[in-house]
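The values are calculated or read from the model by the stated rules, or taken from the named source; none is laboratory data. Everything numeric here is computed off the predicted structure, so don't read it as measured data. Methodologically, a virtual Cβ is constructed for each residue, glycine included, from the backbone with ideal geometry; neighbour enumeration extends over all protein chains shown.
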């Protein structure tokens, strides 16, 4: 079966390649929410980073300026009518951050981001905490994909999800100290509890069915965790051996991301006392944190 003919996962929302350089409405009934897709497509970014324009009484806020490509920044300025008041970052990965300072200088607007930046060389002009409100948007600290990740909630229940939820793909969750599967799952539960009306991700199309998407993503992560645990029960294994057990085939362009995801899941299993890492590699434990009987050291005869 080809990749294109495989059944579509229940959490996935597809769209044809969107045009770059011009604003696209989030929905017909939401003229004040638009996106300009950055010209940075790739295996990790899909069709490109969505730079969201959010109109408010004082002007327009930009969420994730993305690429520093001059044509993209000019398109954002033009779409906002030159009235950009704030530039908000969901997190400081390059495909979100690189256009922030150039656009801020062009527009004379401050760059807003989480107080504790994951990039030592970057300090936001306006530091945001969980619950901070800027341009009518409430910041929600949702680590997991990145320690400084923020989602943004509108007054009418729309959530800009950054990379925490992406309809086109599952999210890459790196191991500590950069990421955490447990925190990522906690973030999904938190967003679900808000009962959002619409999810607007940093990559891919709007997600019109938040509840079913979020719950399918949670189920997907937990299913992957059980698959990894089953692979551990085959015996001790290095990370490379675990890759072969868990992933049947994976494109070379996605292999590093898959390794990081796998290691992050193994760390969660270790923290849950369901796995151990030692010189022999990774192995499963019993419910009490000890190796299974078949792997436990033999006891001397009395």
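Scan region 198-220 for residues that are out of contact with any helix residue (DSSP H, G or I) (no Cβ under 6 Å at 6 or more places or on another chain), free of Cβ contacts under 8 Å to residues at least 60 places away in the same chain and within 25 Å of residue 282 (Cβ to Cβ) and jot them down.
219
Could you tell me whether region 166-175 includes any residue that is touching a strand residue (DSSP E or B) at 6+ places or on another chain (Cβ under 7 Å), touching a residue at least 40 places away in the same chain (Cβ under 8 Å) and more than 21 Å from residue 93 (Cβ to Cβ)?
Looking for residues that are touching a strand residue (DSSP E or B) at 6+ places or on another chain (Cβ under 7 Å), touching a residue at least 40 places away in the same chain (Cβ under 8 Å) and more than 21 Å from residue 93 (Cβ to Cβ), one finds none in region 166-175, hence no.
Please verify whether residue 68 is assigned to a loop (DSSP other than H, G, I, E, B) and at pLDDT 95 or above, treating the condition exactly as stated.
It is true that residue 68 is assigned to a loop (DSSP other than H, G, I, E, B) and at pLDDT 95 or above.
Output the residues belonging to region 150-165 that are buried (at least 24 other Cβ atoms within 10 Å of the Cβ) and out of contact with any strand residue (DSSP E or B) (no Cβ under 7 Å at 6 or more places or on another chain).
Hit for region 150-165 is 163, nothing else.
Would you mind stating whether residue 243 is over 17 Å from the mean Cα position of the chain (by Cα) and either surrounded by fewer than 21 Cβ atoms within 10 Å (Cβ to Cβ) or farther than 18 Å from residue 26 by Cβ (or both)?
Taking the combined requirement at face value, the residue satisfies it.
Please pick out the residue among 176, 107 that is under 21 Å from residue 35 (Cβ atoms) and assigned by TED's automatic domain parsing to the domain that holds residue 19.
That would be 107, the only listed residue that is under 21 Å from residue 35 (Cβ atoms) and assigned by TED's automatic domain parsing to the domain that holds residue 19.
Only one residue in 214, 158 is over 12 Å from residue 88 (Cα atoms) and outside the structural domain of residue 55 (by TED's automatic domain parsing). Which one?
214
Taking region 102-127, which residues are touching a strand residue (DSSP E or B) at 6+ places or on another chain (Cβ under 7 Å), in contact (Cβ under 8 Å) with a residue 24 or more places away in the chain and closer than 18 Å to residue 75 by Cβ?
Correct list: 103, 107, 109.
Consider region 185-197. How many of its residues are surrounded by fewer than 19 Cβ atoms within 10 Å (Cβ to Cβ) and either touching a residue at least 12 places away in the same chain (Cβ under 8 Å) or closer than 23 Å to residue 62 by Cβ (or both)?
8
Among the candidates 270, 245, 255, 274, which residue alone is at pLDDT below 95, closer than 30 Å to residue 146 by Cβ and not assigned by TED's automatic domain parsing to the domain that holds residue 44?
The match here is 255.
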